[in-house]
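Here the structure is laid out as structure tokens; the discussion comes afterwards.
The values are calculated or read from the model by the stated rules, or taken from the named source; none is laboratory data. Predicted model only: the values in this text are computed from it and were never measured. Here the Cβ is made from the backbone with ideal geometry for all residues, glycine too, and neighbour counts use every protein chain on show. Accessible surface areas use protein heavy atoms only, side chains included; no ligands, DNA or RNA. Shrake-Rupley method; radii C 1.70, N 1.55, O 1.52, S 1.80 Å.
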Amino acid sequence: MHTIEFSINGEALTLLVEDNQTALRVIREQAGFTGTKPGCEAGECGACTILVNGKPVNACLMLAPELDGKEITTVEGLADGENLSVLQQKFIDHAALQCGYCTPGFLMSATALLNENPHPTRQEIVEAISGNLCRCTGYKRIIEAIEDAANSGTKKIPAKKTKAKGGARK
Amino acid sequence: MKEITYIAPESISEALKLLTKHKGKAVIFNGGTDVMIRLRENLIQPDYVIDIKRIPGLKEITFKKDGLHVGCCATMNEIAEHADVRKYYPYYAKACASVGSKQVRNRATCIGNIVNASPLADSATPLYAMDAVLLIEGPEGKREVPVREFITFVRKTVLAEDEIVLGVRVPYIKGAKGVYTKNSRRKEVDLSNVCATVVRTGDEYRIAFGSVAPTPKRLEKTEKLLNGKKITPALIEKAKQTAVTEVAPIDDVRASKVYRLDIVQAIVENSLLALGR
Amino acid sequence: MTQDGKYTEIGNSLPRVDGKAKVTGAAKYAGDYYFPRELWAQVVRSPYPHAKIKKIDTSAAEKLKGVRNVITGDYYKKRGGLYLADKNFLAYQTVKYRGEAVVAVCAETREIAEEACRLVKIDYEELPAVFSPMEAMKKGAPLIHPDLHTYRVAPIFHPVPHTNISHHHVLRKGDVKKGFRESYRIFEHSYHIPHVQHVPIETHVTTALYDTAGSLTVWSCCQSPYAVRAALADSFDIPLNKLRVISEFVGAGFGSKAGTTIEGIVIPLAQLNPGRHIRLDYSREDEFENAYVRQGMYARIKTGVDKKGKILAVENEFLWDGGAYTEYGVNIVKAAGFAGAGPYNIDNIATDSYCLYTNHPVGGPYRGFGMCEIHFAIEQNIDMIAKEMGISPVEMRKINGLRPGDTTNTGEVMKVSGYQDCLDTVIKALDYNRKSAQPKDKHKIRAKGIAAGWKSPSQPTDAASAAIIRMNEDGTFYLQTSAEEIGQGSNTVLTQIAAEVLNVNPDRITLTSGDTTANPYEWQTVASRTTYCAGNAVKLAAEDLKEHVLDLAQIKLGCAKRDIHLERDDDHHMTWVVATNHPENRVPISTFALGLTLPDGSGIGGPAIGTGRFVLPNNFAYNMEDSQSPKPVAFWTIGVTGAEVEVDTQTGHIKVLQMISCFDPGKTVNRALYDAQVEGGMIQAMGTAIFEELMLKDGRVLNKNFVDYKIPTADDIPERLESLIVEYPEETGPFGARGIGEPVMVPGAPAIANAVANALGHHFDHMPITPDDVLEVVRGKKSKSKAKR
């Protein structure tokens, strides 16, 4: 067991976690952010994509104790209260989601992309989301939603700041 | 996943002590993209997981005139996006960028890829082609092992249980040009069914293939055939014929042996044509 | 509808009503519910494809700390199944496929449950196994269900006793012998379609609670809560009023979450642990092997044509690899039997469609319900005949494609048929008649291909739907149905239908579904029937409520209800009830929410509730001997897909450059969602055409993970992916609509196959068409036939 301190969607959190649990399970089952979805638990489908210090990773391939000291963003952290992020709104406008199960993962990959590269080419968009599988949409509308968000001059979506503590533990 | 104890040492010496103390019962945890899968499927059952990512200095990527140094915790994306790697070793950058997804590459490391010793490791063939050298530290001190001697068989290396690979040095050869090719069923997020790096320096060639033998492999006969000669259609044809005698691919769910042999020839031809220009 | 007869909602692209919940992570799927002290179930699975269970030793597992129960098939012997009662939730006496659930464990944590599974010892005696429908057909083949003749079966299916045939579907139309006699040429072609998997990104998850008051609640990711409730009630002898199935959002189904798959394993465990929640999650590996798979199929088509290319006779045979249990699969085999000659006007047809037990994973419904598989054969067959006859594939389809007044395979006269218009539309959009411009790279060849397809809902002729709509005090509404939102957009479309009838803004309506306690009956969310069936029920419910409002409005406004209409006022977020001839005489619709208060203070009418009951009005049983009927199905949805591909002759890779589809949805309720369905269907079809196959060897699935079972990524989609439309209203559909969810996938794979054939001059008799296959042809060898029997 490890006590970890990290920030998630701007909130500081201290949790006691089992060493053999994945970050995915802890985020869902202990922290309660069930928007992060399990799809394969093998790093192949991208449904559990979260941002770790701003970078997209598969939460299923990360051990829970690794969260210590990190800044985590999940899909629940994208909207500002009731106000959706530009990307979230564009996904709705373009009918870029159907069953919605893969949608959080796509939003996280796309958010990271636009933060890093506000005006990506279509090819850069495709590369950024090719680690996210969707079985419903055929992807076209997802690509268009991201293009549209980029063209709308979406501002960088900052990871909500609360300085994460932790990291001092051995 | 079975019960494990996770430890994140903050120095190399601390990590080495842990490996010695728990010899045979510990696994080094770096990007984790392979170890996690193996833990989940109970293919490995260590008691201790030693996460080396909190050790300072292991993420460094530096380029000097004698070559490139890549620290063991540098991720595939960090390597692929590094300005010097892109400038001096574009084929190596491309190889690292071809691994898995963006999410995986934010975690996976090149050294992890090499230590796994998969025959189809995407980032191995550039290192094979460049005769890269691995820097290893153990209780007895440091040693250097050429990557071509490091991997001995499928998932087998010369690394001892109490040693850590700290990084890799890739020699710099002025004027060297290279081509990396990956052939897979799907272009994005797939394993290679054949991958290769061909490097040309003047009229010398270095040809390394992956997924065609139990380890990545240099095609020395083909290299010899080509060295010092002008590339002509006839020579390319001969090189293709020689190349297939040097590889021994297998049939599996990803591709047939015959298919892989065709792809080996296609890659030899395309690479030589590209480098000939 | 406005006063001048224009729709206010139907045909709009209303943004999804569930959009906000889905982009914020607020939408709850079955796996998102966690409960205090819940118990975790895990399953021990068979390592053999066919074996007798000799002995099960659970003692070590039971002793493990934290283990609550270990149960085997002996604990619950009753067989169940949707159409044919052939399946146990845990194997009883024999195992029939590799991966079959044999023992279920429940424990305090999932790790303990997994560990307990490893401690269960099972002695098996291997039995001879059957791995193809041809082997299964052979005389003397090992019988997988020796007691088949004793199983309960729906009367429209015909298991053949003491064989592996669980259904033999027969269709006879006209006189095929005569048709062939009169034919100028006769062609015979064979095809093979492998097993594939649905691959919803959400794997199956279920939680069950048997509460201490004796009621059972199941949180399930299912397409059809009522069908699950019925099956579970029957299996476990639980009264329907004590069984609640909750399934709010489903992470896609494509058929894999129709019927029951996983729930039956946890219910006995729940019954053993009153007051505790029991949960079972399928891993991705489970999903590939132990959820439904799409059945494999072997097709043979014999076609007789006259000199001009008119098809005079078709004789075809489909052998379906139904797997170990075919409780649902038999109906797919029937659907293929109904539609087996395709959307063509053919006078003489003889179809035999066989469902065969094999020791393979369990076959079940998959988007298209057999149509994707048979059309891969039918539509390549059309192209191959056209080429051999020296006429164009377009001409061949123009000559034979269904027109209004033609008769279907089952003898029904088509009142409407969009076939020819869809064909013309796609030919034009793809510029099919102009050859592809070839790229500079000498290794690359481009070509185009087309294919058509049709599908009808495969549902009982009396399948029923219900809806309830309630007005709240403020003039907002609750719309209750049990149509399941599985991604197709039913919540949005049904909301639009109610909004249209009541002239209210859709954001004034909240739809609830996915809970059998709260919402009224719906047969199933399958068969591309929801817009049509649930849509009709919702329309009737809204009309019923409207009638109620108008009855009271007569009194309030002092005029006859024929002179009263509803008027939407979006500026004021409300709807008025207006006296048409004196528009200033109006009241808000909310006036009638709780009935009407009369001047003397007394009230009448009561709360405004509308109910809608819909049952297929005009479907008739078919004749068992020949499948003929004046109207055996609700409707046929028809469409055409065109594709352009680029084949790399050096690496064998196929890149799909364009896919364009045109379908006839009768009347589009929501254009954006229609287009989205069509696009998704095309890409799913593309996956099967060039990537997907569940590789089976001796009953073992070799690629039950995303490492080796590849579905398309964003990188694989064509540059041009386009959805077009023609609209011939469906007589009995709500506003003329018919279903499209499945049909849109049907012609995709054969369109790609025909394009590849046009590039290489060779038709592959199987899918997927892999790089290996392509290079084999490039090397000049004839490609290996996988359709050989």
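Excluding ligands, DNA and RNA and using a 1.4 Å probe, chains A and B jointly bury around 2600 Å² of accessible surface, summed across both partners.
Helical runs (DSSP H, four residues minimum) scored at -39500 (n - 2.57) apiece and divided by the length of chain C put the mean residue ellipticity at 222 nm at -7500 deg cm²/dmol. Could you provide, to the nearest whole Å², the per residue accessible area of the range A:2-74 with probe 1.4 Å? Per-residue value: 23 Å². Per-residue shielding of C:192-204, expressed as the average number of other chain Cβ atoms within 10 Å of the residue Cβ, stands at 3.
Which of the three applies to the range B:1-57, rounded, prolate or oblate, going by the alpha-carbon gyration tensor with a ≥ b ≥ c and a/c under 1.5 meaning rounded? It is oblate, given that a/c is not under 1.5 and a/b is not larger than b/c. Note on A:55-68: average number of Cβ atoms from other chains within 10 Å of each residue's Cβ is 6.
Need the per-residue list for the range C:278-299: every residue with at least 20 Å² less accessible surface in the complex of protein chains than in the chain by itself, probe 1.4 Å, sorted by number. Correct list: C:ARG284, C:GLU285. Contact order for the range B:61-171, expressed relative to its length and based on alpha carbon pairs under 8 Å spaced 6+ residues apart, stands at 29 percent. Legend: residue pairs B:LYS23/B:LYS142; C:LYS52/C:LYS121; C:LYS448/C:LYS667, Cα-Cα distance threshold 20 Å; pairs beyond threshold, C:LYS448/C:LYS667.
Electrostatic bookkeeping for A:GLU147 treats Lys and Arg as +1 and Asp and Glu as -1; over the other residues with beta carbon under 15 Å from its beta carbon, the sum is -2. Nonpolar atom fraction for the range C:359-437, defined as the carbon and sulfur part of the 1.4 Å probe accessible area, stands at 54 percent. Please give every one of the lysines within straight-line cross-link reach of B:LYS94, meaning a C-alpha to C-alpha distance under 17 Å, and leave out same-chain neighbours fewer than 8 residues apart. Hits, sequence-local ones excluded: B:LYS102, B:LYS177, B:LYS182, B:LYS187. Placing +1 on each Lys and Arg Cβ and -1 on each Asp and Glu Cβ, with no other charges, gives the range C:629-785 a dipole about its Cα centre of roughly 400 debye. What a 1.4 Å probe finds exposed on the range A:2-74 is 45% carbon and sulfur by accessible area, rounded to a whole percent.
Just want to confirm a number: the relative contact order over the range A:18-83, from Cα pairs under 8 angstrom separated by 6+ residues, in percent. Relative contact order of the range A:18-83: 36 percent. Ranked by the mean number of other Cβ atoms within 10 Å of their residues, highest first, the peptides B:141-152, B:87-98, A:132-143 fall in the order A:132-143, B:87-98, B:141-152.
By the Cβ distance rule (another cysteine Cβ under 4.7 Å), the unpaired cysteines of chain C are C:CYS106, C:CYS117, C:CYS221, C:CYS222, C:CYS355, C:CYS372, C:CYS533, C:CYS559.
Of the complete DSSP H runs in chain C, those spanning 15 angstrom or more by Cα along the long axis with a mean Kyte-Doolittle score not below -1.0 are C:225-236, C:329-339, C:371-389, C:419-430, C:490-502, C:530-557, C:671-690, C:748-760. Computed in the context of the full set of protein chains, the accessible area of the range A:86-151 at 1.4 Å probe radius has 45% of its extent on carbon or sulfur. Note on C:GLU126 and C:SER59: with the Förster distance fixed at 22 Å, the Cβ-Cβ geometry gives a FRET efficiency of about 0.35.
Cross-link reach is defined here as a Cα-Cα straight distance under 12 Å, omitting same-chain residues fewer than 8 places apart; for C:LYS177 the aspartates and glutamates meeting it are C:GLU315, C:ASP347. Across the range A:127-144, computed HN-Hα scalar couplings (Karplus, 6.51 cos²θ - 1.76 cosθ + 1.60, θ = phi - 60°) run 5, 5, 10, 6, x, 10, 8, 10, 9, 8, 8, x, 6, 3, 5, 5, 4, 5 Hz from first to last residue, x flagging Gly and Pro. Only one residue of C:HIS277, C:GLY304, C:GLY214 has its Cα farthest out toward the positive end of the dipole of the range C:210-322, where Lys and Arg carry +1 and Asp and Glu -1 on Cβ, and that residue is C:GLY304. Taking Cβ atoms as reference points and 9 Å as the exclusive limit, the residues near B:ILE61 contribute a net charge of -2, counting Lys and Arg as +1 and Asp and Glu as -1. Annotation: per residue accessible area for the range A:86-151 equals 25 Å², rounded to a whole number [probe 1.4 Å, protein chains only].
Listed by chain and number, the aspartates and glutamates whose alpha-carbon sits under 16 Å from that of C:LYS387, ignoring those within fewer than 8 places in the same chain, are C:GLU188, C:ASP306, C:GLU379, C:GLU395, C:ASP765. Dipole magnitude for the range A:86-151: about 240 debye, using +1 per Lys or Arg Cβ and -1 per Asp or Glu Cβ, origin at the Cα centre. In this simple spin-label approximation, B:GLU220 and C:GLU543 carry label points 7 Å from Cα along the Cα→Cβ vector, and these lie 8.5 nm apart. Taking 60 Å as R0, compute the FRET efficiency from the Cβ-Cβ separation of B:ASP66 and A:SER152 and round it to 0.05. With a Förster radius of 60 Å, E is 0.80. Annotation for the range C:262-349: trypsin sites (Lys or Arg not before Pro) lying in DSSP loop with at most 15 further Cβ atoms inside 10 Å of their Cβ are C:LYS307, C:LYS308. Protein-only accessible surface at a 1.4 angstrom probe places the residues C:ASP716, C:ASP175 in the order C:ASP175, C:ASP716, largest first.
Summed over both chains, the contact between A and C buries some 3900 Å² of accessible surface at a probe radius of 1.4 Å.
With contacts taken as Cα pairs under 8 Å at a separation of at least 6 residues, chain A carries a relative contact order of 28 percent. Protection proxy ranking for C:69-76, C:117-124, C:435-442, B:30-37, using the average of other Cβ atoms within 10 Å per residue and placing the highest first: B:30-37, C:69-76, C:117-124, C:435-442. Electrostatic tally near C:HIS375: other residues with Cβ closer than 13 Å to its Cβ, Lys and Arg +1, Asp and Glu -1, net -1.
Take the range B:5-51 with all the other protein chains still there, run a 1.4 Å probe, and you get 42 Å² of accessible area per residue. Based on the Cβ-Cβ distance from C:CYS559 to C:ALA21, what FRET efficiency comes out when R0 is 35 Å, to the nearest 0.05? Taking R0 as 35 Å, the efficiency between C:CYS559 and C:ALA21 is 0.25.
Peptides C:739-750, C:315-326 ordered by packing proxy, namely the average of other Cβ atoms within 10 Å per residue, highest first: C:739-750, C:315-326.
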